[in-house]
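Below is one structure, written out as structure tokens, with a few remarks after it.
The values are calculated or read from the model by the stated rules, or taken from the named source; none is laboratory data. From a predicted model like this one, the values you see are computed outputs, not experimental measurements. FYI the Cβ positions are ideal-geometry reconstructions off the backbone, even for glycines, and counts take in every protein chain you see.
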Amino acid sequence: MTAPSSDSPAKGSLSRRRLLGAAGAGALAVGAAGVGGYAYGNEGEDPPQGIDQATYPFHGRHQSGITTPAQDRLHFAAFDVTTESREALVLLLRSWTEAAREMTAGRSVGQFTALPYDAPPADTGEALGLNASGLTLTFGFGPSLFEKDGKDRFGLRGKQPELLRELPHFPADNLDAGRSNGDLCIQACAHDPQVAVHAVRNLARLGFGTVAMRWAQLGFGRTSSTSNAQATMRNLLGFKDGTANLKSEDREEVDEFVWVHEDDDENAAWLAEGSYLVARRINMRIEPWDRTSLREQEQLVGRDRQQGAPLSGGTEFTEPDFEVTGREGLPLIPVDAHVRLAHPTTNKGVKLLRRGYNFTDGTNTLGRLDAGLFFIAFVRNPEEHYIPMQTRLSGQDPLMEYLQHTGSGLFAVPPGVRSKSGFIGETLFS
Amino acid sequence: MNRLITAACTVFLLGIASACSVTESNEPTAEGGSGAIRVESSADECALTAAEAPSGNVAFKVKNTGSEVTEFYLYAEDGLRIVGEIENVGPGLSRDLVVRAAPGTYVTSCRPGMTGKGIRSEFKVTDSGKDAKITGVDQATIDTATSQYAAYVKDQASQLVDQTMAFTAAYKDGQDDEARKLFPLARGYWERIETVAESFGDLDPKMDLREADLEEGQEWTGWHRIEKDLWPPASGYKQLSPAERATYADDLLSNTNILDERVQTLEYTVDQIGNGSKGLLDEVAAGKITGEEDIWSHTDLYDFQANVDGARVAYEGLKPLLEVKDAALSTQIESAFDALQVLLDKYKVGEEDFVFYDKVTEPQRKELSDAVNALAEPLSKMTGAITL
């Protein structure tokens, strides 16, 4: 069986479900609505299929999981490299690549290697019988991979991108070191949380002895849409989030604001066609927010809650008009509303491709929801496209009264794996 | 035979194998490896999808299509020496047998009902040109490994008796400082052979139960009962009387003697030794890393070290076998043992003592845990590799 290199899997490929002999019938219930423009599993062979059968190609110019229509679930993991052997690290990246090829195609890890009954199974098993479920695996490299405590562990110092530095302290940050940074990261997105968790679990297992999990975050309810075919979802504040998000269809803008260009950084030509991943764990003070009047909520956000239209009028996708004033000549969208501070016009025309998820990690010791937004954005240049905007928001956005950033990370996302013999980070390690 | 897979696929490892399985039909198969020779064991038939395979790792996927429990054997040419076997395959179930086979003639056999000579046929392993050096492990090597391990267990058990005697004597005598000093050292002999000791389901709960493990109404005895008395909580605890002390101490010693007696006649198979080695690392991961094992004395690192020592002895014993079967795995295990030992040494105080575990910070515990994962993962593959 060959891994799919185009939009649809090779003929005759066996999904985990089909390996188990179950007919695809169980997968029919969910319509394909909301995920447009991409191919699903064996069309033509089987009856209409649900989103659990969606398969995205692993190979390509760019890694998948960036402009891929945002799936419903996330398992994000950051790792520390525990070896100082460059060879061992490359070996791991190769085995991760191999496993990622299998899992994103809906297959098990090591499916083709029969193992003795006295050996633990190669795959942990919880995704047997499930389809690929739109799984994408996106890998990134943190600043500490290039240099840690002044040490160049893997001979990569000379290739560290100029812009790949730990994010600065933003006003009101309350970062937990145990939820921040890391040498490597994996973003696993899928429609079925079991599939995303299975992927991270198996990759972590392959990594024992080479890397150790540093922190991880589960997310549900995508808060951004990365395709025009997707409806805008809501964050836990109850508002639509990411209405103005960059969409995969905006090719020119994606090229301008997401993909690193070959001449962006002379030390880091290897990052061309890649991107930078900004991760921020943003806790929300849910209970006080819920006691806030709708008037105040909408004034803080600058949009109406019902449909997400700017307070200057129109519908969700109407451009906000910051000039429109009401009684006493006050602007309908307050001068410090979130939508104004985050808008491209306030940020030198910068547009963001966000791919965040809601999260709830149970309750904290006070019995309050430990919940919020796990913000993910892919940017071409964090210093121009993210840091100025976040500095402004953290310092001026009155919404910050209800938010607290508790985790942070910046990772360089290498280009996609181009060939069957290629591996993640090949351009960096060659 | 329509599900015939080109036999060449069976020996390839992950990656290359994906090129082979194009010939795989969409016939549903059970989970697990494909690319194997399929065997259907029915009441009166033992049908293989191929009668030969190239040398190297040969995989059989045995499905019991009959109504009785079945077995599958691969014998050497003489039809007597077992090269590989799987037992206890219930009706309707499938199971993989993987063997590492040199070129030659073999005999396959299904034994529905687990009786008789089985339904036999000849099976050829052709020279793949690879794995030219496939050599079996001779019986003498296996015997050496198993008898060495048996001797080790006996030695540890007898030292456990001596040390427990000294410990319980000090405790009964009210020499608490001495008893506290001896407690973790004596336990070391228990922890090195913990997986063997635990195999006696009647002794283990009497000797090594933690307070948190107690069931309603169960009497608490053994090491940890005495531990709490030697390291009592600051309040709400009533010290044991000398008579009570004597009861618990004598009970522990007498159970230790029973353990010592029992291990004298124990024999081990290589897979038991391999699984025991991995099991000791599981013990570390479950109770020691978390500090739950010695919650009163905080002497968890002594137990940690002893578990690792026991696992290492088991590995060293099997090393001559593993190096024949999978030298790379052996190297990986060895360097992971070394790396873990370097970490543990950081917590050593003098020759035989360790820092108390409540002084070990969370980041340090994580570092230890990462090193245990790094070792336990390859170690978990040892038994499978040596039984190939």
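Structural remarks
- Hits in the stretch A:391-408 (condition: crowded, with 20+ Cβ neighbours inside 10 Å and of a type in the set (S, T, N, Q)): A:S408
- Verdict on B:Y302 being among the aromatic types (F, W, Y), assigned by TED's automatic domain parsing to the domain that holds B:R180, within 27 Å of B:D96 (Cα to Cα) and surrounded by 17 or more Cβ atoms within 10 Å (Cβ to Cβ): no
- Residue within the stretch A:174-182 that is in contact (Cβ under 8 Å) with a residue 60 or more places away in the chain, buried (at least 20 other Cβ atoms within 10 Å of the Cβ) and in contact with a helix residue (DSSP H, G or I) (Cβ under 9 Å, 6 or more places away or on another chain) present: yes
- Residue that is nearest to the other protein chains (Cβ to nearest Cβ), among those in the stretch A:84-112 that are buried (at least 19 other Cβ atoms within 10 Å of the Cβ) and in a loop (DSSP other than H, G, I, E, B): A:F112
- For beta carbons closer than 6 Å, sequence separation of 6+ or different chains, a first residue in the stretch B:109-126 that is touching a residue at least 12 places away in the same chain (Cβ under 8 Å) and farther than 20 Å from B:P91 by Cα and a second that is surrounded by 13 or more Cβ atoms within 10 Å (Cβ to Cβ) and among the acidic types (D, E), the qualifying pairs are B:K124/B:E52; B:T126/B:E52.
Conditions (1) in contact with a His (Cβ under 9 Å, 6 or more places away or on another chain); (2) within 14 Å of another protein chain (Cβ to nearest Cβ); (3) more than 20 Å from B:P54 (Cα to Cα), marked per residue:
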site	(1), (2), (3)
B:N88	no, yes, yes
B:D96	no, yes, no
B:R100	no, yes, no
B:P103	no, no, no
B:C110	no, no, yes
B:K117	no, no, yes
B:F123	no, no, no
B:S128	no, no, no
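- When the helices (runs of 4 or more DSSP H) confined to the stretch B:263-370 are screened for residues that are of a type in the set (F, W, Y) and touching a residue at least 24 places away in the same chain (Cβ under 8 Å), those reaching at least 1 such residues are found at B:300-325, B:327-345.
- Screening the stretch A:226-258 for residues that are in contact with a strand residue (DSSP E or B) (Cβ under 6 Å, 6 or more places away or on another chain) and in contact (Cβ under 8 Å) with a residue 24 or more places away in the chain and picking the one that is farthest from A:P344 (Cα to Cα) gives A:L236.
- Total residues in the stretch B:182-201 satisfying the condition of being surrounded by fewer than 15 Cβ atoms within 10 Å (Cβ to Cβ) and within 17 Å of B:R225 (Cα to Cα): the figure is 0.
- Qualifying position, being touching an Asp or Glu at 6+ places or on another chain (Cβ under 7 Å), away from chain B (no Cβ under 12 Å) and modelled with pLDDT of 95 or more, among A:E162, A:E166, A:E147: A:E162
- Only one entry of B:A166, B:A157, B:A170 meets the criterion of being more than 19 Å from B:Q239 (Cα to Cα) and without any contact (Cβ under 8 Å) to a residue 40 or more places away in the chain, and that entry is B:A166.
- Considering only residues in the stretch B:207-234 that are outside any loop (DSSP other than H, G, I, E, B) and hydrophobic (A, V, I, L, M, F, W, C), the one that is surrounded by the fewest Cβ atoms within 10 Å (Cβ to Cβ) turns out to be B:A212.
- The residues in the stretch A:116-162 that are in contact with a Cys (Cβ under 9 Å, 6 or more places away or on another chain) and aromatic (F, W, Y) can be counted, and the count is 2.
- B:P91, sole failed condition from (1) touching a residue at least 60 places away in the same chain (Cβ under 8 Å); (2) surrounded by fewer than 17 Cβ atoms within 10 Å (Cβ to Cβ); (3) over 26 Å from the mean Cα position of the chain (by Cα): (1)
- Test: residue in the stretch A:230-252 that is farther than 24 Å from A:M284 by Cα, aliphatic (A, V, I, L, M) and surrounded by fewer than 20 Cβ atoms within 10 Å (Cβ to Cβ): no
- Comparison of B:A47, B:A59, B:A102, B:A51 shows that the only residue that is surrounded by 22 or more Cβ atoms within 10 Å (Cβ to Cβ) and either under 26 Å from B:D271 (Cα atoms) or modelled with pLDDT of 90 or more (or both) is B:A59.
- Candidate set: the stretch A:205-257, residues that are among the hydrophobic types (A, V, I, L, M, F, W, C) and out of contact with any helix residue (DSSP H, G or I) (no Cβ under 9 Å at 6 or more places or on another chain); chosen: the one modelled with the highest pLDDT: A:V254
- Given (1) among the basic types (K, R); (2) in contact with a helix residue (DSSP H, G or I) (Cβ under 8 Å, 6 or more places away or on another chain); (3) farther than 17 Å from A:N235 by Cα, index of the condition A:R327 fails: (2)
- Members of the stretch B:309-329 that are closer than 18 Å to B:L388 by Cα and either within 14 Å of chain A (Cβ to nearest Cβ) or surrounded by fewer than 21 Cβ atoms within 10 Å (Cβ to Cβ) (or both): B:L318, B:K319, B:P320, B:L321, B:L322, B:E323, B:V324, B:K325, B:D326, B:A327, B:A328, B:L329
- Residue selected from the stretch B:308-366 under the condition among the acidic types (D, E) and under 25 Å from B:S380 (Cβ atoms), by the criterion farthest from the chain's Cα centre (by Cα): B:D345
- Matching option when the condition is more than 30 Å from A:T104 (Cβ to Cβ), modelled with pLDDT under 95 and hydrophobic (A, V, I, L, M, F, W, C), among A:A337, A:A342: A:A342
- In this entry, B:P184 passes the filter for residues that are in contact (Cβ under 8 Å) with a residue 40 or more places away in the chain, within 24 Å of B:G310 (Cα to Cα) and part of a helix (DSSP H, G or I).
- Matching residues in the stretch B:342-388 - criterion: being out of contact with any strand residue (DSSP E or B) (no Cβ under 9 Å at 6 or more places or on another chain), within 12 Å of chain A (Cβ to nearest Cβ) and of a type in the set (V, I, T): B:V372, B:T383, B:I386
- Residue within the stretch B:43-58 that is within 14 Å of another protein chain (Cβ to nearest Cβ), assigned to a strand (DSSP E or B), under 21 Å from B:K325 (Cβ atoms) and within 25 Å of the chain's Cα centre (by Cα) present: yes
- Of all residues making up the stretch B:334-358, the number that are in contact with an Asp or Glu (Cβ under 8 Å, 6 or more places away or on another chain) and surrounded by fewer than 17 Cβ atoms within 10 Å (Cβ to Cβ): 1
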